[in-house]
Amino acid sequence: MEVRIKETGVVENLSYTDIKTGVNFIKDLIGNHDGFGTEDHQFLYDSETDSYTASQDTFEWWKKVAGDNEELDERIAALSEIHGSEVVSDALQAAGSYDLEDHAAALNRVLDETFDE
């Protein structure tokens, strides 16, 4: 997803790619967390440039969240191959739920504790 940074006008790419399918679903992630829309939202669509506009801080926050969660997805896939997907899934379900910005770190802690890493 192309994002024009409000403060600089620079266009950056933001992505969150499913490791199994290769599909970039960053727009789904942002949309599911009410990030698109009018002035009071984080991303505004510009039909003239076919891109979204956001502040530098917003872009960096979403870039970190997406990157952290991509790394978590890769770790879950690797642990699932070693220990079985059911065992990994059970550990993650027992972890509870967290705010999006804390999600990856919290689940990584659970995986560390469960699999002694």
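In region 80-117, the residue that is nearest to the chain's Cα centre (by Cα) out of those that are farther than 23 Å from Tyr16 by Cβ and among the hydrophobic types (A, V, I, L, M, F, W, C) is Ala94. Counting the residues of region 40-66 that are within 10 Å of Val3 (Cβ to Cβ), open to solvent by 60 Å² or more (accessible area, probe 1.4 Å) and aromatic (Phe, Trp, Tyr) gives 0.
Which one of Phe36, Phe59 is more than 25 Å from Ser80 (Cα to Cα), aromatic (Phe, Trp, Tyr) and modelled with pLDDT of 90 or more? Lay out the reasoning, then the answer.
Values: Phe36 fails: modelled with pLDDT of 90 or more.
Exactly one residue qualifies, and that residue is Phe59.
Being in a helix (DSSP H, G or I) and hydrophobic (A, V, I, L, M, F, W, C) is a property that does not hold for Leu44. Pairing residues of region 89-106 that are closer than 19 Å to Trp62 by Cβ with residues that are open to solvent by 50 Å² or more (accessible area, probe 1.4 Å) and assigned to a loop (DSSP other than H, G, I, E, B), at Cβ distances under 7 Å and at least 6 apart in sequence or on separate chains, gives Leu100/His33; Ala106/Tyr98. The residue list Ala105, Ala91 contains one member that is in a helix (DSSP H, G or I) and open to solvent by less than 40 Å² (accessible area, probe 1.4 Å), which is Ala91.
When Asn13 is tested against (1) open to solvent by less than 90 Å² (accessible area, probe 1.4 Å); (2) under 20 Å from Glu60 (Cβ atoms), exactly one condition is not met: (1).
Residues in region 76-90 that are β-branched (Val, Ile, Thr) and closer than 18 Å to His103 by Cβ: Ile76, Val88. Apart from one condition, Glu7 fits all of (1) acidic (Asp, Glu); (2) in contact with a helix residue (DSSP H, G or I) (Cβ under 8 Å, 6 or more places away or on another chain); (3) not in a loop (DSSP other than H, G, I, E, B); the exception is (3).
The single condition among (1) open to solvent by 80 Å² or more (accessible area, probe 1.4 Å); (2) out of contact with any Ser or Thr (no Cβ under 6 Å at 6 or more places or on another chain) that Lys6 does not meet is (2). Of the residues making up region 1-35, those that are farther than 20 Å from Asn69 by Cα and without any contact (Cβ under 8 Å) to a residue 40 or more places away in the chain are Gly9, Val10.
The values are calculated or read from the model by the stated rules, or taken from the named source; none is laboratory data. Note that the structure is predicted; figures quoted are calculated from it, not measured. No Cβ is skipped: glycine too gets one built from the backbone with ideal geometry, and neighbour counts run over all protein chains shown. Areas reflect the complete protein model, heavy atoms only, side chains present, ligands, DNA and RNA absent. Shrake-Rupley method; radii C 1.70, N 1.55, O 1.52, S 1.80 Å.
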